[in-house]
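Step one of this worksheet: look at the structure below.
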Amino acid sequence: GAVVSQHPSWVICKSGTSVKIECRSLDFQATTMFWYRQFPKQSLMLMATSNEGSKATYEQGVEKDKFLINHASLTLSTLTVTSAHPEDSSFYICSASYNSGSNQPQHFGDGTRLSIL
Amino acid sequence: GESVGLHLPTLSVQEGDNSIINCAYSNSASDYFIWYKQESGKGPQFIIDIRSNMDKRQGQRVTVLLNKTVKHLSLQIAATQPGDSAVYFCAENNYGQNFVFGPGTRLSVLP
C-alpha cells in the first residue's frame with residue numbers, strides 16, 4: 001500500500017519552457033503532499049507543502065510564481081516549473097501523507113529528473 | 001545548472017556483515033523519526049520508523065535505535081546484502097511539522 005506515482009520520470013526541454021510534473025497517490029487519499037528538490041549527492045530540500053483545496057505553503061527562498069503548485073484533489077498534486085532555465089535543472093521528488101496533523105510517514109514518488117538545455 | 005555536489009559520508013561493509021548507519025538530529029522536541037533508503041535515480045523508500053516514547057524498534061533485518069539524551073539515531077542492518085547498497089537518510093519530525101532530513105550516508109556493500 002501507500003504507492004505514490006510521479007510523472008514524467010525524466011524531462012529534457014529548452015530554456016523558457018514551462019514543465020508540469022504530476023504526483024498521484026494511487027491507493028490512498030493524501031491530505032498533504034510535499035515537493036522536494038534534490039541536487040546530486042545532497043539531501044532533500046523541501047520546497048513547499050500543499051494541502052488539498054488550499055494554497056501551498058512555500059519554504060523560504062522558493063519562488064511561488066516560479067514553482068506553481070496545485071493540489072486539486074486528494075490524489076493529485078502538480079508542480080509547474082514556469083519558464084524553466086538551466087539553473088532549474090534538478091531532481092524533483094514529491095511525497096504524500098495521509099494526515100498532516102499527526103506523525104505519519106511520507107511516501108515518496110520516484111522523482112522527476114528535469115534537464116533544461 | 002545544478003550545484004556541485006558534496007561528498008556523502010560513505011560506509012563500506014562486506015557482504016554478510018552487519019551495518020550501522022548513524023544520524024545526529026537537531027531538534028530535541030522531535031518526536032518521530034524515519035529511516036529512508038534511496039537508490040540511484042529513485043525516490044526515498046520507507047524502511048522503519050520510531051516514536052520518541054521508544055528507544056528501539058525492530059523490523060525485518062533492520063533495527064532502529066534512538067538515544068534522545070544525545071539526539072542520536074542509528075540504523076542497524078543485519079547480514080548486509082548487495083541490494084542494501086543505497087543512500088540512507090534519517091528524518092525527524094516535531095509533531096505536525098515538516099520532516100527534516102539528514103545529509104545521508106552512502107552504504108556500499110563489498111562482495
Q: Inspect all residues belonging to the stretch A:77-94 and state whether any of them is within 13 Å of another protein chain (Cβ to nearest Cβ), free of Cβ contacts under 8 Å to residues at least 24 places away in the same chain, in a loop (DSSP other than H, G, I, E, B) and not acidic (D, E).
A: no
Q.
Can you tell me which residue is most open to solvent (accessible area, probe 1.4 Å) among those in the stretch A:97-115 that are modelled with pLDDT of 95 or more and either in a strand (DSSP E or B) or polar (S, T, N, Q) (or both)?
A. A:R113
Q) Among (1) at the interface with chain A (Cβ under 8 Å from one of its Cβ atoms); (2) not in a strand (DSSP E or B), where does B:S40 come up short? A) (1)
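Under 26 Å from A:I93 (Cα atoms), touching a residue at least 12 places away in the same chain (Cβ under 8 Å) and not acidic (D, E), is that true of B:G102?
Details: under 26 Å from A:I93 (Cα atoms): yes; touching a residue at least 12 places away in the same chain (Cβ under 8 Å): yes; not acidic (D, E): yes.
So B:G102 fits the description; yes.
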Q: Among the numbered conditions (1) surrounded by 14 or more Cβ atoms within 10 Å (Cβ to Cβ); (2) within 10 Å of chain B (Cβ to nearest Cβ), tell me where A:V19 comes up short.
A: (2)
Q: Output yes when any residue across the stretch B:56-63 is modelled with pLDDT under 95, farther than 25 Å from A:Q38 by Cβ and open to solvent by 70 Å² or more (accessible area, probe 1.4 Å), and no when none is.
A: yes
Q: Pull up the stretch A:28-46, narrow it to residues that are under 9 Å from the mean Cα position of the chain (by Cα) and away from chain B (no Cβ under 11 Å), then point me to the one that is modelled with the lowest pLDDT.
A: A:M33
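Provide a single number: the residues in the stretch A:4-30 that are hydroxyl-bearing (S, T, Y) and either in a strand (DSSP E or B) or under 30 Å from B:T10 (Cβ atoms) (or both). Quick ask: steps written out before the conclusion?
First pass over the stretch A:4-30, keeping only residues hydroxyl-bearing (S, T, Y): A:5, A:9, A:15, A:17-18, A:25.
Narrowing further to those that are either in a strand (DSSP E or B) or under 30 Å from B:T10 (Cβ atoms) (or both): A:5, A:9, A:25.
Residues meeting the conditions: 3.
If you go through the stretch A:77-96 one residue at a time, do you hit one that is under 22 Å from B:F46 (Cβ atoms) and open to solvent by 20 Å² or more (accessible area, probe 1.4 Å)? Outline the logic, then answer.
Residues of the stretch A:77-96 under 22 Å from B:F46 (Cβ atoms): A:77, A:79, A:91-96.
Filter once more, so that each one left must be open to solvent by 20 Å² or more (accessible area, probe 1.4 Å): none.
Within the stretch A:77-96 (the criterion being under 22 Å from B:F46 (Cβ atoms) and open to solvent by 20 Å² or more (accessible area, probe 1.4 Å)), the answer is no, since none of the residues qualifies.
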Q) For the subset of the stretch A:43-55 comprising residues that are open to solvent by 50 Å² or more (accessible area, probe 1.4 Å) and assigned to a loop (DSSP other than H, G, I, E, B), which member is farthest from B:G102 (Cα to Cα)? A) A:G53
(Q) Regarding the stretch B:64-75, can at least one residue be identified that is away from chain A (no Cβ under 14 Å), assigned to a strand (DSSP E or B), small (G, A, S) and farther than 29 Å from A:W35 by Cα? (A) no
**Q.** Matching option when the condition is within 14 Å of chain A (Cβ to nearest Cβ) and crowded, with 18+ Cβ neighbours inside 10 Å, among B:N93, B:N53
**A.** B:N93
Q. When you look at B:I47, is it within 13 Å of chain A (Cβ to nearest Cβ) and among the aliphatic types (A, V, I, L, M), yes or no?
A. yes
Q) Could you list, in sequence order, the residues of the stretch B:66-90 that are more than 15 Å from B:N18 (Cβ to Cβ) and either open to solvent by less than 20 Å² (accessible area, probe 1.4 Å) or charged (D, E, K, R) (or both)? A) B:L66, B:K68, B:K71, B:L73, B:A86, B:V87, B:F89, B:C90
(Q) under 22 Å from A:A2 (Cβ atoms), hydroxyl-bearing (S, T, Y) and either within 12 Å of the chain's Cα centre (by Cα) or surrounded by fewer than 23 Cβ atoms within 10 Å (Cβ to Cβ) (or both): is that true of A:Y58 in this structure? (A) no
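Determine whether the stretch A:31-41 contains at least one residue that is more than 21 Å from A:P8 (Cα to Cα), in a loop (DSSP other than H, G, I, E, B) and in contact (Cβ under 8 Å) with a residue 40 or more places away in the chain.
Taking the stretch A:31-41 first, the residues more than 21 Å from A:P8 (Cα to Cα) are A:31, A:41.
Checking which are in a loop (DSSP other than H, G, I, E, B) leaves us with A:31, A:41.
Then drop every residue that is not in contact (Cβ under 8 Å) with a residue 40 or more places away in the chain, which leaves A:31.
Looking for residues that are more than 21 Å from A:P8 (Cα to Cα), in a loop (DSSP other than H, G, I, E, B) and in contact (Cβ under 8 Å) with a residue 40 or more places away in the chain, one finds at least one in the stretch A:31-41, hence yes.
The values are calculated or read from the model by the stated rules, or taken from the named source; none is laboratory data. No experiment lies behind these values; they were computed from the predicted model shown. All Cβ positions, glycine included, derive from the backbone under ideal geometry; neighbour counts span all protein chains shown. Calculation scope for accessible area: heavy atoms of the full protein, side chains included, ligands and nucleic acids excluded. Shrake-Rupley method; radii C 1.70, N 1.55, O 1.52, S 1.80 Å.
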